[in-house]
Amino acid sequence: MVKADLLNGLSEEDAGQVMKLAKRTILTSGAELFHLGDVAGSIYLIARGRLRLTLPMQVRNREEDMLVEERAPGQTVGWSALIPPYRFTLTATAPLETEVLALSREALMEHFAANPGTGYAVSMNLASVIGERLQLFQTMWVREVQRMVEARCA
Amino acid sequence: MEMLLMGACLSMFGLAVTCLAFGAATRPERSAPAMAVKPELAKAAAPARFFVQPPVQAAIPIAAHARVPLEVLLLQIENHVRLEQAAVESFLQTPTSALLHSRTISTLVN
């Protein structure tokens with residue numbers, strides 16, 4: 001079974017119950033898992049391969065998908081599926097053949113309602129994933145502002 | 001004898017000075033082309049207009065000036081993002097002011 005960050009702290013049995021809800025999907029190299037702005041109905045655990053998370057950026061008057069983050073096996077992508085307004089805020093693409101486990105929001109919510117302990121643990125893990133992302137980008141933003149200030153004052 | 005030696009020394013000194021001067025005059029100029037290109041690029045970024053002061057170009061990174069192929073530029077940006085993430089992860093492990101603003105080897109900002 002995949003050691004997923006979303007299932008940290010759960011017993012094998014509880015983690016197994018969550019994994020039973022998952023649908024396995026294999027993405028070929030270059031395939032898109034979801035696109036910026038799409039309705040987010042599922043959260044994904046990466047079982048094998050990689051996922052590139054990108055945002056569009058204008059480079060020499062051309063729109064290019066620029067890498068924001070790369071996620072590896074065991075990591076979670078697509079947490080927009082659990083947070084209103086349920087729209088993906090990035091595009092996810094597989095740079096190589098990648099296997100993901102899709103957990104639909106409806107199935108998860110139903111399971112959490114019946115198993116509040118599991119729901120609590122997964123919510124805490126999700127908060128941790130979101131918190132790490134926030135810290136990462138907050139710091140990256142401060143570094144860019146610092147560079148801008150240095151350039152302006154030079 | 002002393003006069004002869006003094007004359008020989010002066011001749012050698014004069015020859016050395018002449019060689020240095022010749023070498024300096026015939027040495028190819030390395031920094032001149034780079035200096036010549038920069039003002040052109042700056043002009044291209046901001047077309048000249050009457051009665052308008054040209055904008056300061058210092059804030060634009062070097063990589064933005066250089067007309068590198070698009071693929072290379074995209075790779076530079078991606079490399080920059082990866083290096084920034086690595087630097088930030090290092091900061092988050094040990095949060096200090098020095099690590100927060102640590103430099104990377106990214107060609108996009110250096």
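Numerical summary
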| quantity | calculated |
| --- | --- |
| Qualifying residue in the range A:59-70 (condition: buried (at least 18 other Cβ atoms within 10 Å of the Cβ) and not in a strand (DSSP E or B)) | no |
| Residue ID - surrounded by the fewest Cβ atoms within 10 Å (Cβ to Cβ), chosen from residues in the range A:114-132 that are within 14 Å of chain B (Cβ to nearest Cβ) and free of Cβ contacts under 8 Å to residues at least 24 places away in the same chain | A:GLY131 |
| Residue in the range A:120-134 that is of a type in the set (Lys, Arg) and farther than 22 Å from A:ALA22 by Cα present | yes |
| Qualifying positions in the range A:9-26 - open to solvent by 60 Å² or more (accessible area, probe 1.4 Å), modelled with pLDDT of 95 or more and in a loop (DSSP other than H, G, I, E, B) | A:LYS20 |
| Filter result for A:LEU45 (under 25 Å from A:MET66 (Cβ atoms), assigned to a loop (DSSP other than H, G, I, E, B) and in contact with a strand residue (DSSP E or B) (Cβ under 9 Å, 6 or more places away or on another chain)) | no |
| Which listed residue is at pLDDT 90 or above and facing another protein chain (nearest Cβ under 7 Å), from B:LEU99, B:LEU92, B:LEU70 | B:LEU92 |
| Condition check for A:GLY30: exposed (fewer than 14 other Cβ atoms within 10 Å of the Cβ), over 17 Å from the mean Cα position of the chain (by Cα) and farther than 21 Å from A:LEU82 by Cβ | yes |
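The values are calculated or read from the model by the stated rules, or taken from the named source; none is laboratory data. Bear in mind the structure is a predicted one, so any value in this text is a computation, not a measurement. Using ideal geometry, Cβ is built from the backbone for each residue, glycine included, and neighbour counts are taken over all protein chains shown. Heavy atoms of the whole protein, side chains included, go into the accessibility calculation; ligands, DNA and RNA do not. Shrake-Rupley method; radii C 1.70, N 1.55, O 1.52, S 1.80 Å.
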